[in-house]
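The values are calculated or read from the model by the stated rules, or taken from the named source; none is laboratory data. Since the model is a prediction, treat every value here as computed from it, not as a measurement. Glycine also receives a Cβ, built like all others from the backbone with ideal geometry; neighbour counts cover every protein chain displayed.
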Amino acid sequence: MHSPEASRNTGPGIKPPKSSRSLKTAVSLALVLALAGAVFYLLDPAGLFRTKQFAGPREALTLGLAHESLAALAMIARDRGYFSEAGLDVTVKGYKSGSLAMKGLLAGDVAMTTAADIPIVFESMARRDFRIVATIGSSDNEPRIIARKDRDVKVPADLRGKRIATQKASAVHFFLHVFLLQNGMTAEDVTLSFLKPDDLVKTLVDGEIDAFSMREPYISQAAKQLGDNALVFEKPGLYRKTFNVVVTADLLKNRPEVVRRAMHALVQAEAFAQKHPNQAIQIVAKVLESPPADIAAIWPDSVLKVSLDQSLLVSLEDEAKWVIGSKLAETTETPNYLEMVHVGSLKAVAPFLVSLIH
């Protein structure tokens, strides 16, 4: 999503990198899961999507909440009281991005967090003491690149030699990589710098950089300030970003019931988002401190569904090859992501949402 003032350019179509070639499989799986979910919303014989009373004492949980729209189901579960109904006393710690939320998990600040696939891959290069327990959102058109027209940028090829910033070790970093590749460039063909998310807009508006790769709400914020001088590049289908729930290995080992209860709350949040999209948009807009219209504009691009499917493993493995090949990590060994995905908690709540072969 970008402001009406900003121009669009999707760039020339050439053979995409391996990660996007696997997109057809991922999309097919997503469609199958969506259809299965729709049937259960209608029938729901076991009452999975309805309030459930949990036996036993209430459990405390610290949750890292990335302030990204693809973490919407966690925001809804908290706002609607689904975590509480599941017997969880949740303390939320907010993070500006999934990358920072992942670091908070590994620092011991939270026991469960929401994070995109790329930060998970980066952290897995050094540590394996965490587990992915669910995917809660995905989009194949979230990261985008915004550039200044007055820097002689009209088409993607004009980014060659330009000063481009992004957030390091993040989904938008990976998107920039594949976008440049599709347009006949690599990171070596631009002057690449890494900034904190909150610094990107001002740096571009002040003219210190020529473009940046990021997501909402930063793209719209920059576009509104630049007005007719803004040019937004997007490429639907180039990269499918997933947002996932990640827990510490200790939480899963010592308090598995907490994870199962959280899964139930998120499944309820999904049902709410499906049935009441306008209210869901209002909840997300409030958390992100964004105009509801901005969230509504990107809502159609977001698949808010609790799942664990095979495409997740394919993506993680492809992304790990990029990290290693680009020498962004010290290791040269690709982690075994099958061992880092835990299917038991989601299976215990809603087995039809798990299609990953484990």
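Summary of values
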quantity: Residues satisfying the stated conditions in the range 182-200, i.e. under 22 Å from the mean Cα position of the chain (by Cα), surrounded by fewer than 23 Cβ atoms within 10 Å (Cβ to Cβ) and not in a strand (DSSP E or B); calculated: Gln182, Leu195, Lys196, Pro197, Asp198, Asp199
quantity: Top-ranked residue in the range 295-346 [being among the charged types (D, E, K, R) and within 20 Å of the chain's Cα centre (by Cα); ranked as farthest from Met214 (Cα to Cα)]; calculated: Asp309
quantity: Cβ-Cβ under 7 Å pairs, at least 6 apart or on other chains, the range 176-195 side touching a residue at least 60 places away in the same chain (Cβ under 8 Å) and closer than 15 Å to Val323 by Cβ, far side among the β-branched types (Val, Ile, Thr) and assigned to a helix (DSSP H, G or I); calculated: none
quantity: Test: residue in the range 159-180 that is of a type in the set (Val, Ile, Thr) and in a strand (DSSP E or B); calculated: yes
quantity: Boolean, Lys253 is in contact with an Asp or Glu (Cβ under 6 Å, 6 or more places away or on another chain), among the basic types (Lys, Arg) and modelled with pLDDT of 95 or more; calculated: no
quantity: Test for Trp322: is it assigned by TED's automatic domain parsing to the domain that holds Phe122, part of a helix (DSSP H, G or I) and under 15 Å from Asp117 (Cα atoms); calculated: yes
quantity: Residues located in the range 219-270, provided they are without any contact (Cβ under 8 Å) to a residue 24 or more places away in the chain and in the same structural domain as Gly98 (by TED's automatic domain parsing); calculated: Lys253, Asn254
quantity: From Ala296, Ala329, residue being of a type in the set (Gly, Ala, Ser) and part of a helix (DSSP H, G or I); calculated: Ala296
quantity: Condition met for Ala77 (in contact (Cβ under 8 Å) with a residue 60 or more places away in the chain and either of a type outside the set (A, V, I, L, M, F, W, C) or part of a helix (DSSP H, G or I) (or both)); calculated: yes
quantity: Failed item, numbered, when Arg215 is tested on (1) closer than 21 Å to Leu316 by Cα; (2) at pLDDT 95 or above; calculated: (2)
quantity: Pick from the range 81-108, criterion closer than 15 Å to Arg261 by Cα and in contact (Cβ under 8 Å) with a residue 40 or more places away in the chain, ranking: surrounded by the most Cβ atoms within 10 Å (Cβ to Cβ); calculated: Ala86
quantity: Any hit, the range 242-261, residues being over 24 Å from Glu59 (Cα atoms) and out of contact with any Lys or Arg (no Cβ under 7 Å at 6 or more places or on another chain); calculated: yes
